[in-house]
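Q: Attaching a single structure in structure tokens format; questions to follow.
Coordinate-derived values only; no laboratory data. Please read all numbers here as calculations on a predicted model, not as lab measurements. Backbone-built Cβ (ideal geometry, glycine too); neighbour counts: all protein chains shown.
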Amino acid sequence: MTAASSRPASKPPLTILLAAPRGFCAGVVRAIDAVEQALRLYGPPVYVRHEIVHNKYVVESLKAKGAIFVDELSEIPQTRAPVIFSAHGVPKSVPAEAENRNFFAIDATCPLVTKVHREAAIHHKRGRRVVLVGHRGHPEVIGTMGQLPDGAVHLVETVDDVARLVAEAAPLAYVTQTTLSVDDTRDIVEALHARFPEIIGPHKEDICYATTNRQEAVKRVAPQVDALIVVGSPNSSNSQRLKEVAERAGCPVARLLLRASDIDWTLFSGLRSLGVTAGASAPDVLIEEIVDAFAQRYAVTVETVSTADENVFFPLPRELREGA
């Protein structure tokens with residue numbers, strides 16, 4: 001082997017555009033902090049109904065600290081340990097069951113989801129039929145529909161679903177899931193207004209600020225890069241929507257990945273530019289892990305593309321505040 005051939009080949013250059021805002025939102029921070037604060041104040045175990053947020057890394061980290069995740073309250077033995085409800089919100093039947101079993105229940109529902117719950121309840125109280133724009137089976141949708149009696153909420157997932165709504169004499173109102181695609185939801189809302197001109201919407205849009213901001217940042221980055229990675233879990237609605245937004249914005253390759261070990265290098269070879277963002281439940285450590293993985297193969301230059309500043313803060317549930 002000659003001296004020249006023994007020298008390592010230089011890495012090809014790669015510009016990484018980090019979309020901002022990205023990653024944790026205020027509701028996710030509050031929910032995770034609620035579990036960690038409960039563990040500090042009361043010690044393990046702390047029970048959590050469903051994943052506190054939709055991110056496997058976060059859930060496994062909390063398990064290691066003493067959190068026990070369950071699908072239903074029936075899985076929890078009689079206990080005085082804290083029982084926390086996830087950020088996605090729960091049907092009214094869940095806190096009722098917790099009270100019936102004398103659990104020390106702590107509600108970590110995102111305040112922006114709680115806002116939707118209250119809107120739906122007010123509409124129902126005023127005699128309106130409630131339409132919920134959302135994805136069937138998502139925990140947030142189950143929680144919102146569970147605020148009202150069975151059959152009181154009509155779920156709409158697509159523009160076609162709007163055409164299938166039965167016209168009745170009762171006035172209509174609509175609310176939306178907080179983590180939807182802004183563009184998809186706009187089309188559905190326009191269809192609702194076209195068919196039901198008197199329909200009443202939220203005073204302020206239900207799609208949360210974090211969802212909107214992350215999608216706008218992706219729209220800015222996606223047309224500028226050869227590929228884009230959304231760091232997040234497959235069951236995260238807002239992460240899935242970010243991938244779809246990137247594809248619609250013209251990005252040739254858009255993938256949702258939990259962490260660096262999931263990278264398919266056959267898709268990400270020969271790049272000159274890469275966009276990276278993260279869903280609202282993905283921690284910074286996973287974003288850094290992805291960037292580090294590319295730095296092993298490329299001479300990386302990192303730039304940030306920012307479309308908004310976020311300074312939203314939600315206090316912990318009352319039961320967990322110091323001195324409560």
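Q: Can you check what the Kirkwood hydrodynamic radius comes to for the chain, Cα pairs only, in Å to one decimal?
A: Taking every pair of different Cα atoms in the chain, averaging 1/r and inverting gives 21.4 Å.
Q: Which percent of the Cα-Cα distances in the range 230-289 go past 16 Å?
A: More than 16 Å apart: 42 percent of the Cα pairs in the range 230-289.
Q: With only Lys, Arg, Asp and Glu charged, each at its Cβ (+1 for the first two, -1 for the last two), find how big the charge dipole of the chain is about the Cα centre; round to the nearest 20 debye.
A: It comes to approximately 280 debye.
Q: I want the local charge near Tyr47. Using Cβ-Cβ distances under 12 Å, sum +1 for each Lys or Arg and -1 for each Asp or Glu among the other residues.
A: Summing Lys/Arg as +1 and Asp/Glu as -1 gives +1.
Q: Also, I was wondering about something else. In whole Å, what are the extents of the range 258-324 along the principal axes defined by its C-alpha atoms, from largest to smallest?
A: 55, 27, 16
Q: Let me ask you something else. If I stretch the segment between Phe313 and Arg220 completely, what's the gain in nm (0.36 nm per residue apart, minus their alpha carbon distance), one decimal?
A: Full extension of this stretch gives 30.9 nm more.
Q: Starting from the alpha-carbon convex hull of the range 37-184, give the projected area averaged over all orientations, in nm².
A: If I average the Cα hull's projected area over directions, I get 10.0 nm².
Q: When the distances between all Cα atoms of the range 188-324 are binned every 10 Å from zero, what whole-number percent does each bin get?
A: 11, 34, 29, 16, 9, 1
Q: Here is a follow-up. Provide the descending list of Cα extents for the range 26-110 along its principal axes, expressed in whole angstroms.
A: For the range 26-110, the Cα extents along the three principal axes come out at 31, 24, 19 Å.
Q: Taking every pair of alpha-carbon atoms in the range 112-195, give the share separated by more than 21 Å as a whole percent.
A: Summing the P(r) of the range 112-195 above 21 Å gives 22 percent of all pairs.
Q: Between Leu267 and Asp183, with labels modelled 7 Å along Cα→Cβ, what's the label distance in nm to one decimal, could you check?
A: 1.9 nm
Q: I want to check a number: in the chain, how many lysine pairs have alpha carbons closer than 30 Å, given a sequence separation of 8 or more or different chains?
A: For the chain, qualifying lysine pairs total 22.
Q: Regarding the range 201-243, what are the three Cα extents along the principal axes, ordered largest first, in Å?
A: 39, 24, 13
Q: Mind giving me the FRET efficiency for Lys204 and Ser10? R0 is 41 Å, r the Cβ-Cβ distance, nearest 0.05 is fine.
A: 0.20
Q: Kindly provide the helix-only [θ] at 222 nm of the chain, computed as the sum of -39,500 (n - 2.57) over DSSP H runs of four or more divided by all residues, to the nearest 500 deg cm²/dmol?
A: -11000 deg cm²/dmol
Q: Ranked by Cβ crowding within 10 angstrom, fewest neighbours first, how are Lys243, Lys115, Lys11 ordered?
A: Placing the least packed residue first, the sequence is Lys11, Lys115, Lys243.
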